[in-house]
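To start, the structure itself, in structure tokens.
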Amino acid sequence: MAHVLRVQRAAYLIEARLLGDTRIPPLHETEADLRAAGLSWILERDERGTVVGAIGCRVDDGEADIDRVMVDPTWQRRGIGARLVRGVLSVVHRAVVSTGRENAPARRLYEGLGFAHLIDREVVPGLWVSDYEWDARAENTGSRENTMSPDAAAPAVPPVRARMPTLKKEEAIVVEPCSLDIVAHDALTGGDLDQLRLLFDREYLETFGPWDPEQPYGYAGHDTHVIARTNDGGIVAHVGWAHRVIGVGQSRVSIAGVGGVLVSPGAREGGLGRTLMARAAESMADDGRIAFGYLGCREEVVPFYLSCGWQRIAATEHSVSRTGMPVTVEPGPPLLVLPVGADRAWPTGSIDLRGRAW
């Protein structure tokens, strides 16, 4: 259920922003809470098997109480939510669901599938939900796929777990970025910032808190952003870098400090990460001031950077920590550099980043 929980938190974070209220219970659930909820599930997976959407419900005597519907934010607006709901409607004759009153996209989804609005309720002070009902025997079946005559008898339907349709591999959707853009930090639009916040919060919110574009997770910010976008403008991958002159031994070195390297789980096939890093290197060369790219990373991702042409170095590093205090790190944790525009050798000596790391 860990993959379902990841999608749930990312999806309900969007709803919390729409409602202006973070008291939505699924936003705060643990994996144990999710298992204890006793829901039956339909899951939608991408080609690699990663969960990108889910619907959880309870079914009794052919009636479904849809408890939650969620789609990974980077996969939204592709019909996944509607397909998941139809999967439930195809095996029941009646369904009920509730959503935030101010969640216009969800309300449009349910109404488009033939759900009728019943009532608005204030569940806690200031937080309202809208209740909806779908009935296969209603005269206006709209776009429902399991249309029935108003006089038809309700079918006897066993619990959803036994009858839920299974998604075929050919139904899976693969995110295919259509453009790689180089964007100066000051040129990021409000939409860019919202999409980047979604990308990073989905991956790091629980561990590091909300993403801050000026000082992400306490690290240094970026002058330049390399962004992969899908056809509908969604951002699915990012690399950022910032120019700085640092000290290495007795030398002054002009670097591009690299950070914020992240590819959405739905876009990690097909070498997008390497393509993104290559485009970042090109942008460093185009800048004209950069002698080396520079980054620190976790040990487990070192092979990826080596495959992109980066070189591992060993040196003592002096910098400013995420909390703003001077810090010295002895040789050991991964440090990597990338010669830019010429075949240069990295100078010897300890490194003074003269600020926060990236």
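Its Cα gyration tensor gives the range 179-356 an equivalent ellipsoid. The semi-axes, each the square root of 5 times an eigenvalue, are 26, 18, 16 Å from largest down.
For Glu299 and Ser179, the difference between the fully extended length at 0.36 nm per residue and the C-alpha to C-alpha distance is 40.2 nm. Between the listed residues Leu196, Ser40, Gly332, the Cα displaced farthest toward the positive end of the dipole of the chain, a dipole computed from Cβ unit charges relative to the Cα centre, is found at Gly332. In degrees from 0 to 90, rounded to the nearest 10, what is the angle of the helix 272-287 Cα long axis to the longest principal axis of the chain? With both axes taken from Cα atoms, the answer is about 40 degrees. Computed packing ranks the peptides 34-46, 312-324 as 34-46, 312-324, most packed first, by mean other Cβ atoms within 10 Å. To the nearest ten degrees, helix 80-89 and the longest principal axis of the Cα atoms of the chain are 30 degrees apart.
Compute the distance from the alpha-carbon center of the range 67-121 to that of the range 265-340, in whole Å. Value for the Cα centre distance between the two parts: 42 Å. Using +1 at the C-beta of Lys and Arg and -1 at the C-beta of Asp and Glu, which of His185, Ala220, Gly234 has the Cα lying farthest in the positive direction of the dipole of the chain? The one lying farthest along the dipole's positive direction is Ala220.
Multiplying the residue separation of Asp212 and Arg344 by 0.36 nm and subtracting their alpha-carbon distance yields 44.1 nm. Basic side chains Lys and Arg get +1 at the Cβ, acidic Asp and Glu get -1 at the Cβ, and with that the dipole of the chain about its Cα centre reaches some 640 debye. The angle between the Cα long axis of helix 2-19 and the longest principal axis of the Cα atoms of the chain comes to about 80 degrees, rounded to the nearest 10.
May I ask you to work out the translational diffusion coefficient for the chain at 37 °C, viscosity 0.692 mPa s, via Stokes-Einstein with Rh from the Kirkwood sum over Cα pairs, reported in whole µm²/s? It comes out at roughly 143 µm²/s.
Read-outs: derived from the displayed coordinates by stated rules, not from any lab. Every value quoted in this text rests on a predicted model; they were computed, and no experiment measured them. Counting neighbours? That spans all protein chains shown, and the Cβs are built from the backbone with ideal geometry, glycine included.
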